[in-house]
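The values are calculated or read from the model by the stated rules, or taken from the named source; none is laboratory data. Please read these numbers as outputs of a predicted model, since none were measured by experiment. Cβ placement follows ideal geometry from the backbone for every residue including glycine, while neighbour counts extend to all protein chains displayed. We work out accessible area using only protein heavy atoms, side chains counted, and drop any ligands, DNA or RNA first. Shrake-Rupley method; radii C 1.70, N 1.55, O 1.52, S 1.80 Å.
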Amino acid sequence: VIDVKEDPLFGHSCTIKSGELTITYQSLKDMRLTVGSEIKQGEAISLASANIYNKELGNHVHIVVEKNGIPIDPESIYGKSLAELK
């Protein structure tokens, strides 16, 4: 975990880096991580919440994925192991 913060628009967020991937999860509550935490794939990190930016969506999680600093479609990594993403 390289960043944990509260954003006025997106709510609580955390950023996790693994190799070439950086994944930011936004609109969270009950954060279970701190900067420097190490987690394993599939481990719960938080609960979904609502935020001001997408208030009409209610509880949801906003995910931003970057590979080597370039944004990529989060759906392109779902269900894949870290080895498959390299």
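Think of a 1.4 Å ball rolled over the protein heavy atoms: the chain then has 67 Å² of accessible area per residue. Label-to-label distance for GLU56 and LYS5 is 2.8 nm, based on points extended 7 Å past Cα in the beta-carbon direction. The stretch between SER81 and LYS29, if pulled fully straight at 0.36 nm per residue, gains 16.1 nm over its current Cα-Cα span. So which lysines can LYS17 reach, going by Cα to Cα under 25 Å and dropping same-chain residues fewer than 8 places off? Straight-line reach from LYS17, under 25 Å: LYS5, LYS29, LYS40, LYS67, LYS80, LYS86. In the chain, Cα pairs under 8 Å separated by at least six residues give a relative contact order of 26 percent.
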